[in-house]
Amino acid sequence: MTALNIVLSGATGGIGRAMALNFANAGHSLILLGRNTDALASLRNSLVQPERHHILLADLSSGTAIAGLAADVAAIGPVDVLINNAGVAGFGLFSDQQDDVLEHMLQLNLLAPMRLCRAILPMLSVSPHACIINIGSSFGSIGYAGFSAYCASKFGLRGFTEALQRELADQAIAVHYLAPRAVRTAMNSAAVVAMNTELGNSEDEPELVARAVLQLLTQRHSSSRYLGWPEKLFIRLNSLFPNVVANALKKQLPIIKRYAKLQSDVGSA
Ligand SMILES: NC(=O)c1ccc[n+]([C@@H]2O[C@H](COP(=O)([O-])OP(=O)(O)OC[C@H]3O[C@@H](n4cnc5c(N)ncnc54)[C@H](OP(=O)(O)O)[C@@H]3O)[C@@H](O)[C@H]2O)c1
């Protein structure tokens, strides 16, 4: 496999770390993005050939920080791949979510990937292996109670990715959207984990997502992939027969509301 230069956001998170380990083992060179110097340095030191990898600090919820980051990335060297993985979740009833929570969610989950794509595109356009991978979610295709703002951000990311796939269809840049279902990382609060268990929703290991992304690195045509069964089926069903899915989810509502209340009680404690 050709060794690629990969920019990875959210590198120190659960899925990010699994991707970093897999990519480094496959011989790729990484620019690891995050907000915590110690966590980034310790991640780099845990990778094969740490001297091949770089770390860059940036709070991606700021447009100004992203503009500065692009210059720092360019100074390091050429880029073949951009992986937009950083993100936040927000479980709770929509009526309880304040403006700052909504703004932060959209800044980080939607605007940051868009800004990073625009900033890094000139570097990608000169690579024969160019690829963008946006990490979405099954909640980017299914509106789910308790996750209104998160769903809005991931539906937006899916729409953006689809449009970009079509806008770059005459260029050698593959644009992928990868949508995991629930994954066992710190992103999911104790209330979400308990709710998923009670509802029988499966959680995947970050390693599974990392391996799916590794496969996409060499796929030269743009694609959208959804991980997990039966979530894949529900996504298809939701696009064709949304009322069927709405009726099934309505039965879960009392359970979801009970855990959303638990979440807001913990948050306000
Ligand atoms: N876990 C799931 O159930 C699940 C399911 C489907 C999709 N996903 C998606 O997978 C991606 C990774 O999630 P994860 O489960 O690995 O979450 P995670 O363990 O919580 O990691 C999130 C990452 O995002 C970074 N981040 C947060 N706020 C940031 C900011 N303002 N600026 C820069 N970086 C920031 C964090 O960096 P710091 O170290 O600086 O905090 C961290 O590295 C997300 O896009 C998420 O939506 C997750």
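Here, each number is a calculation from the coordinates, and none is a lab measurement. Nothing here was measured: the structure is a model prediction, and the numbers come from that model. Cβ placement follows ideal geometry from the backbone for every residue including glycine, while neighbour counts extend to all protein chains displayed.
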**OP:** Could you grab the pairs with beta carbons closer than 8 Å, sequence gap of 6+ or different chains, first residue in the range 43-57 and closer than 15 Å to GLY16 by Cα, second one acidic (Asp, Glu) and assigned to a helix (DSSP H, G or I)?
**Re:** LEU56/ASP72
**OP:** For TYR150, state whether it is within 16 Å of the ligand (Cβ to nearest atom), within 30 Å of ASN196 (Cβ to Cβ) and over 17 Å from the mean Cα position of the chain (by Cα).
**Re:** no
Original post:
Within the range 124-148, which residues are touching an Asp or Glu at 6+ places or on another chain (Cβ under 9 Å) and part of a helix (DSSP H, G or I)?
Top reply: LEU124, SER138
**OP:** Could you please give the count of residues in the range 52-84 that are buried (at least 18 other Cβ atoms within 10 Å of the Cβ) and closer than 11 Å to ILE120 by Cβ?
**Re:** 10
Original post:
Can you list the helices (runs of 4 or more DSSP H) found entirely within the range 164-254 that contain at least 3 residues being touching a helix residue (DSSP H, G or I) at 6+ places or on another chain (Cβ under 7 Å), in contact (Cβ under 8 Å) with a residue 24 or more places away in the chain and of a type outside the set (Phe, Trp, Tyr)?
Top reply: 190-199, 206-216, 231-240
